[in-house]
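A.B. asks: Pasting a structure here, questions to come.
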Amino acid sequence: MTRLHIAQLNVGVLQAPLDSPQLADFVANLGQVNAIADAAPGFVWRLRDADGSDATSLRPRGPDLLVNMSVWESLEALRAFVYRNGPHLDMLRRRREFFRALDRGHQVLWWIPAGHIPDLDEAFSRLDLLRREGAGPAAFTFREPHPPREVTASALG
Amino acid sequence: MTEISVIATLNDPVRLGLYDYVCAQDHDVSRDEAAAATGIQRGMAAFHLDKLAAAGLLTVTFRRPAGRSGPGAGRPAKLYCKSDAEHQVSVPPRDYRAAAEILAEVAEVTGAEPAVHRVARRRGSQAGRAARTADPSTNAADLVATTLAAQGYQPYQDGPVLRLRNCPFHVLAGQHPPLICGMNLAFVEGLLDETAVGGLAARLDPQPGDCCVVVASQSKNVNS
């Protein structure tokens, strides 16, 4: 069986422009939190814009929507970084200061063959699938995870 | 085993004392240690520890004492630790967890997290005020630890910081970490507002098995 990695996309609708005082703490902590991710066990890849440090300038679905996408060796490694790392958990705790609540899913997880790097089209198709059909093997969440299965070429994209 | 018979296993003061002792430790506990700590004979401790393990309240592992291996090292010691399983019995039937899961999800989709955290901070302040009124002569650090213990957090000192062995909302925290860990933090902050007169501060510092909140003196261990 092909070795599988897990990919994750999350989106956030900004409460205020990125350079406003309301977002200052988010911007100030972003570099540190990204550095923790880069050094975390099981980290494989994360999306970066042309500037190279993070993905905040990429706005594929409108000026207010920030995207964050990454690849990890396992669901456990991803979960440990997201929910068991102090500085990252603290940003999540405060997320409503920075991002609006979304009635629809704002995060999606899916399995990929190791070595594959997903693009934003692939990621948004998974998010759309999750929003349309709920959690399933091809698009799921931390709260409703699905075990890794053989990923076929047709399941990609 | 039904939930009721699991809980009924604890209906013995000696056994309950052993269970509380094992749960409060940060390491697996041997029969010798448990017997010494609770002041009973080793055979009696072994009997009750095995009853607790058979009920699924404790988990058993076998390990040789550190530094001993190979032939002549003897049999590995039987060690006990708290089981991950949760048991709840309510008579008549009540299911507050299901209600809590619905309300937590509502708080997230409506963006009510700041309100949840405000209310939790207020509850923490109320608990702190009540504790201070009941015991005005106790020093701040003891008052904080006693109040957290009464709320089920099982606090313990770890060098300069106070850590919390138990998350009273464990399952819910696993489902909604930002909301519930933030709620725990806000509760402890409210408690410190009333009891610690600015000397102590709480922050999130998740450790395996513990509640995510730690309390440290404000001068050092500032939020990193």
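The values are calculated or read from the model by the stated rules, or taken from the named source; none is laboratory data. What you see is a predicted model, and the numbers here were worked out from it, not measured in a lab. Note that we place each Cβ from the backbone using ideal geometry, even for glycine, and neighbour counts take in every protein chain shown.
A.B. asks: Taking the stretch A:74-98 as the region of interest, how many residues are among the hydroxyl-bearing types (S, T, Y) and surrounded by fewer than 17 Cβ atoms within 10 Å (Cβ to Cβ)?
C.D. replies: 1
A.B. asks: Of all the residues that make up the stretch B:21-37, how many are of a type outside the set (D, E) and under 16 Å from B:A53 (Cβ atoms)? Quick ask: steps written out before the conclusion?
C.D. replies: Going through the stretch B:21-37, the residues of a type outside the set (D, E) turn out to be B:21-25, B:27, B:29-31, B:34-37.
If we keep only those that are under 16 Å from B:A53 (Cβ atoms) as well, we get B:21-23, B:25, B:29-31, B:34-35.
Number of matching residues: 9.
A.B. asks: If B:L191 passes every condition in (1) at negative phi; (2) facing chain A (nearest Cβ under 10 Å); (3) surrounded by 14 or more Cβ atoms within 10 Å (Cβ to Cβ) but one, which one does it miss?
C.D. replies: The one condition B:L191 does not meet is (2).
A.B. asks: Taking the stretch A:68-125 as the search range and keeping residues that are outside any helix (DSSP H, G or I) and in contact with a Gly (Cβ under 6 Å, 6 or more places away or on another chain), which one is nearest to B:C211 (Cα to Cα)? Steps first, please.
C.D. replies: Step one: of the stretch A:68-125, the residues outside any helix (DSSP H, G or I) are A:68-74, A:85, A:94, A:99-119.
Checking which are in contact with a Gly (Cβ under 6 Å, 6 or more places away or on another chain) leaves us with A:72-74, A:99, A:101.
Values: A:W72: 25, A:E73: 26, A:S74: 23, A:F99: 26, A:A101: 26 Å.
Looking at residues that are outside any helix (DSSP H, G or I) and in contact with a Gly (Cβ under 6 Å, 6 or more places away or on another chain), I get A:S74.
A.B. asks: Hey, can you tell me all the residues within the stretch A:49-97 that are more than 14 Å from chain B (Cβ to nearest Cβ) and among the β-branched types (V, I, T)?
C.D. replies: Hits for the stretch A:49-97 are A:T56, A:V67, A:V71.
A.B. asks: Going through the stretch B:208-224 one residue at a time, which ones are more than 13 Å from B:C167 (Cα to Cα), more than 10 Å from chain A (Cβ to nearest Cβ) and at pLDDT below 85?
C.D. replies: Hits for the stretch B:208-224 are B:Q218, B:S219, B:K220, B:N221, B:V222.
A.B. asks: Something else about it: Please work out if B:G56 is surrounded by 13 or more Cβ atoms within 10 Å (Cβ to Cβ) and part of a loop (DSSP other than H, G, I, E, B).
C.D. replies: Yes, satisfied.
A.B. asks: Looking only at the stretch B:9-20, count how many residues are modelled with pLDDT of 95 or more, surrounded by fewer than 17 Cβ atoms within 10 Å (Cβ to Cβ) and closer than 18 Å to B:G56 by Cβ.
C.D. replies: 3
A.B. asks: Could you tell me how many of the residues in the stretch B:64-120 are more than 25 Å from the chain's Cα centre (by Cα), outside any helix (DSSP H, G or I) and surrounded by 10 or more Cβ atoms within 10 Å (Cβ to Cβ)?
C.D. replies: Residues flagged as more than 25 Å from the chain's Cα centre (by Cα), outside any helix (DSSP H, G or I) and surrounded by 10 or more Cβ atoms within 10 Å (Cβ to Cβ) within the stretch B:64-120 amount to 8.
A.B. asks: Report, by residue number, each residue of the stretch B:84-121 that is within 11 Å of chain A (Cβ to nearest Cβ) and hydroxyl-bearing (S, T, Y).
C.D. replies: B:T110
A.B. asks: Within the stretch A:24-42, can one find any residue that is modelled with pLDDT under 95, out of contact with any His (no Cβ under 7 Å at 6 or more places or on another chain), of a type outside the set (G, A, S) and not in a helix (DSSP H, G or I)?
C.D. replies: no
A.B. asks: Among the residues of the stretch A:126-137, write down those that are exposed (fewer than 15 other Cβ atoms within 10 Å of the Cβ) and not in a helix (DSSP H, G or I).
C.D. replies: Within the stretch A:126-137, A:G134, A:G136, A:P137 meet the criteria.
A.B. asks: Looking for something touching a helix residue (DSSP H, G or I) at 6+ places or on another chain (Cβ under 6 Å), at the interface with another protein chain (Cβ under 10 Å from one of its Cβ atoms) and outside any helix (DSSP H, G or I) - is there at least one such residue anywhere in the stretch B:157-167?
C.D. replies: No.
A.B. asks: Same structure, new question: Is it true that B:D205 is facing another protein chain (nearest Cβ under 10 Å) and either among the acidic types (D, E) or more than 27 Å from B:E86 (Cβ to Cβ) (or both)?
C.D. replies: yes
A.B. asks: Could you tell me which of the residues B:L49, B:L10, B:L18 is in contact (Cβ under 8 Å) with a residue 12 or more places away in the chain and either in contact with a Ser or Thr (Cβ under 8 Å, 6 or more places away or on another chain) or among the basic types (K, R) (or both)?
C.D. replies: After ruling out the rest, the residue left standing is B:L18.
A.B. asks: Evaluate the following for B:L185: is it in contact with a Pro (Cβ under 6 Å, 6 or more places away or on another chain) and surrounded by 21 or more Cβ atoms within 10 Å (Cβ to Cβ)? I'd like the intermediate steps shown before the answer.
C.D. replies: Numbers: in contact with a Pro (Cβ under 6 Å, 6 or more places away or on another chain): no; surrounded by 21 or more Cβ atoms within 10 Å (Cβ to Cβ): yes.
Considered against the rule, which asks whether it is in contact with a Pro (Cβ under 6 Å, 6 or more places away or on another chain) and surrounded by 21 or more Cβ atoms within 10 Å (Cβ to Cβ), B:L185 comes out as no.
A.B. asks: Could you tell me how many of the residues in the stretch B:22-32 are surrounded by 19 or more Cβ atoms within 10 Å (Cβ to Cβ), assigned to a helix (DSSP H, G or I) and not basic (K, R)?
C.D. replies: 1
A.B. asks: Now for a different question. Anything in the stretch B:5-53 that is over 22 Å from the mean Cα position of the chain (by Cα) and of a type in the set (V, I, T)? List them, or say none.
C.D. replies: If the condition is that a residue be over 22 Å from the mean Cα position of the chain (by Cα) and of a type in the set (V, I, T), then B:I40 is the only one that fits.
A.B. asks: Quickly run through the stretch A:1-15 and pick out the residues that are surrounded by 22 or more Cβ atoms within 10 Å (Cβ to Cβ) and either modelled with pLDDT under 95 or among the small types (G, A, S) (or both).
C.D. replies: A:A7 - this is the single residue of the stretch A:1-15 that is surrounded by 22 or more Cβ atoms within 10 Å (Cβ to Cβ) and either modelled with pLDDT under 95 or among the small types (G, A, S) (or both).
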